[in-house]
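Here is the structure we will look at, set down as structure tokens.
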Ligand SMILES: NC(=O)c1ccc[n+]([C@@H]2O[C@H](COP(=O)([O-])OP(=O)(O)OC[C@H]3O[C@@H](n4cnc5c(N)ncnc54)[C@H](OP(=O)(O)O)[C@@H]3O)[C@@H](O)[C@H]2O)c1
């Protein structure tokens, strides 16, 4: 197979990035994945078309060096919580400028970017969403003539290594009785990581996708409560959801954001104040309900999560396929 060329994945060691790296490598792309901690991501090296390199991509010079000789760049760098004040701006806005500059200086003509559903510089309900929107606007403003850009706005993404379903599953396993759930009526339209990856891969060579911003959602709209109840059902746990009202949801965020691990922050709370659902474009096919049913059928309903973890230790888990 002739290779379509060299492609650089920024944030390629993350949940979505890894799936994308394998999909691109399977299509013959020569994929370079820089990482701050390559030793933690050695599983990527099983594919001969993937090169894992150590690199501090937020340093302009280093990024420029990594861009040399690449044909396409895809940016997946993003954070859900700030460790230091200003991190959202640093990684969602300033970093975009660095990426666009590095692409322009290296003669790269194609840049794809993963934003988030609801990203809006002006009216995003949280700092996460506003900075995501600002970064996306920057990208589409500066990357026009020579650099062809496309951005993707997924709703919450699910798959074997996600930090959404897995995180809830991990917490719910520790509960017996009532589980207090903040923002139970928030609406989400979860999308399967494999579907998102298909959309991204399909857009790389598609001229119609130049300058486009695509919303990417699954087939069904759920409330957060319905999703949590689905997880409880799948894992057959002795837990019932206790839906919290607005005041207690805020209070939970205020408390949790000061605990280690930042399970839920005020910014997350604000993000959940707007519906995270498709308003234009077509939805993707894979249903969260079917996906969870499939897991239960594969591993047995009782303690299926435990069995999945036992049978597939993290580094050896098979990747998401349909
Ligand atoms: N997952 C979702 O449900 C979802 C929904 C909507 C939008 N998105 C967006 O999709 C993108 C990918 O999401 P994901 O779930 O795959 O996230 P993830 O697993 O947390 O991966 C994020 C990637 O960004 C990199 N990164 C973060 N901070 C960095 C820094 N300071 N310097 C260098 N690299 C840094 C991480 O590198 P390391 O591996 O070195 O830590 C990681 O590879 C993000 O932009 C996210 O906002 C995700």
Review point. Under Stokes-Einstein, with the Kirkwood radius over Cα pairs standing in for Rh, what whole-number D in µm²/s applies to the range 214-267 at 4 °C and 1.567 mPa s?
Key: 96
**Study point:** Calculated SAXS-style log₁₀ I(q)/I(0) at q = 0.12, 0.20 Å⁻¹ - the range 163-270, Debye, Cα scatterers
**Key:** -0.54, -1.10
Check your understanding: Could you give the angle, 0 to 90 degrees to the nearest 10, between helix 95-106's Cα long axis and the longest principal axis of the Cα atoms of the chain?
Key -> 30
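When the convex hull of the C-alpha atoms of the chain is computed, what volume per residue in Å³ does it have?
Roughly 134 Å³ of hull volume per residue.
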Practice item. Report the equivalent ellipsoid semi-axes for the range 188-243 in whole Å, largest first, defined as the square roots of five times the eigenvalues of the gyration tensor built from alpha carbon atoms. Key: 35, 12, 6
Check your understanding: So what is the orientation-averaged projected area of the range 84-137, using the convex hull of its C-alpha atoms, in nm²?
Key -> 3.9
Revision key, fill the gap. For the chain, longest principal axis from Cα atoms; helix 246-256 axis from its Cα atoms; angle between them, nearest 10 degrees, is 70
Review point. How many nm separate the modelled label positions at residue 279 and residue 173, each set 7 Å beyond the Cα in the direction of the Cβ?
Key: 3.8
Exercise for review: For the range 25-140, just the Cα atoms, rotate onto the principal axes and tell me the three extents in Å, largest first.
Suggested key: 44, 31, 28
Revision key, fill the gap. To the nearest 10 degrees, the tilt of helix 224-235 (Cα long axis) against the first principal axis of the alpha carbons of the chain is 80
Check your understanding: Between residue 187 and residue 59, what length in nm is gained on full extension when 0.36 nm per residue of separation is reduced by their alpha carbon distance?
Key -> 42.3 nm
Practice item. Counting helices only, and only those DSSP H runs with n ≥ 4, report the 222 nm mean residue ellipticity of the chain as the sum of -39,500 (n - 2.57) divided by its residues, in deg cm²/dmol to the nearest 500. Key: -11000 deg cm²/dmol
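Taken together, the values in this text are just the output of simple stated rules run on the coordinates, not laboratory data. Treat the numbers as computed from the prediction; the structure is a model and nothing was measured. Backbone-built Cβ (ideal geometry, glycine too); neighbour counts: all protein chains shown.
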